[in-house]
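Single-structure report; data block below.
The values are calculated or read from the model by the stated rules, or taken from the named source; none is laboratory data. Because the structure is predicted, anything quoted here is derived from the model rather than measured. Backbone-built Cβ (ideal geometry, glycine too); neighbour counts: all protein chains shown.
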Amino acid sequence: MLDLPNERRLLSSDDDRLVLTTHRVRFQAKSFAFSRVTSIMLGEVSACEIATTSKPWLLMWTLLFLVIGLYLAVYRNGTLWTISFFVAFFCGLAYLGTRQQVISVRSSGGSINVPTQGMGMEKATDFIDQVELAKHRYLRNDRP
């Protein structure tokens with residue numbers, strides 16, 4: 001990362017893809033299929049957010065197949081109830097697998113959205129707190 005004059009790193013994610021400095025927030029990702037670099041100057045940050053997304057319809061399918069499986073197990077003594085439980089199990093796994101927590105830092109011209117895999121809510125909240133503190137210092141010209 002090219003440093004701006006008097007710029008210092010304040011905080012970064014474990015994999016160094018998301019970095020907070022005294023001047024900006026920067027996200028850099030690179031894989032086989034794509035690469036992306038997004039940078040937002042602290043003075044341009046307009047909002048920070050932690051959002052958790054999921055697919056609730058998978059949870060509804062899980063519950064539906066559980067109820068059907070229970071009904072079949074109690075009132076119909078066949079093998080269909082096991083199939084229903086397997087479908088419920090895999091729908092439940094899919095629901096848990098699609099849950100995702102994302103840190104979002106936005107400006108009027110764009111946003112940085114970073115999945116927080118392995119990062120708990122407390123650490124994600126701390127990152128947002130640090131962005132807000134850095135912006136406050138930046139606007140007051142009181143950089144550490």
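With the structure loaded, tell me whether residue 128 is within 26 Å of residue 4 (Cα to Cα) and assigned by TED's automatic domain parsing to the domain that holds residue 13 or whether it fails that test.
Considered against the rule, which asks whether it is within 26 Å of residue 4 (Cα to Cα) and assigned by TED's automatic domain parsing to the domain that holds residue 13, residue 128 comes out as yes.
Residue pairs whose Cβ atoms lie under 7 Å apart, sitting 6 or more positions apart in sequence or on different chains, and linking a residue in region 48-63 that is polar (S, T, N, Q) to a partner that is surrounded by 11 or more Cβ atoms within 10 Å (Cβ to Cβ) and not in a strand (DSSP E or B), are 52/99; 54/95; 54/98; 54/99; 62/88; 62/91; 62/92; 62/95.
Does residue 39 satisfy being under 25 Å from residue 123 (Cα atoms), among the small types (Gly, Ala, Ser) and crowded, with 16+ Cβ neighbours inside 10 Å?
Yes: the conditions hold for residue 39.
Go through the residues of region 100-122 one by one and say whether even a single one is surrounded by 13 or more Cβ atoms within 10 Å (Cβ to Cβ) and part of a helix (DSSP H, G or I). Checking region 100-122: not a single residue is surrounded by 13 or more Cβ atoms within 10 Å (Cβ to Cβ) and part of a helix (DSSP H, G or I). The single condition from (1) outside the structural domain of residue 21 (by TED's automatic domain parsing); (2) in contact with a Leu (Cβ under 7 Å, 6 or more places away or on another chain); (3) in a helix (DSSP H, G or I); (4) not small (Gly, Ala, Ser) that residue 68 fails is (2). Within region 54-97, how many residues turn out to be in contact with a helix residue (DSSP H, G or I) (Cβ under 7 Å, 6 or more places away or on another chain) and either polar (S, T, N, Q) or under 30 Å from residue 18 (Cβ atoms) (or both)? Selection size over region 54-97: 8.
Please verify whether residue 36 is basic (Lys, Arg), part of a strand (DSSP E or B) and touching a residue at least 24 places away in the same chain (Cβ under 8 Å), treating the condition exactly as stated.
Criteria not met by residue 36.
Quick check on region 1-56: of everything there that is hydroxyl-bearing (Ser, Thr, Tyr) and under 15 Å from residue 137 (Cβ atoms), which residue is farthest from the chain's Cα centre (by Cα)? Only one residue tops the list, namely 22. Here residue 76 passes the criteria (1) surrounded by 13 or more Cβ atoms within 10 Å (Cβ to Cβ); (2) free of Cβ contacts under 8 Å to residues at least 40 places away in the same chain except the one numbered (1).
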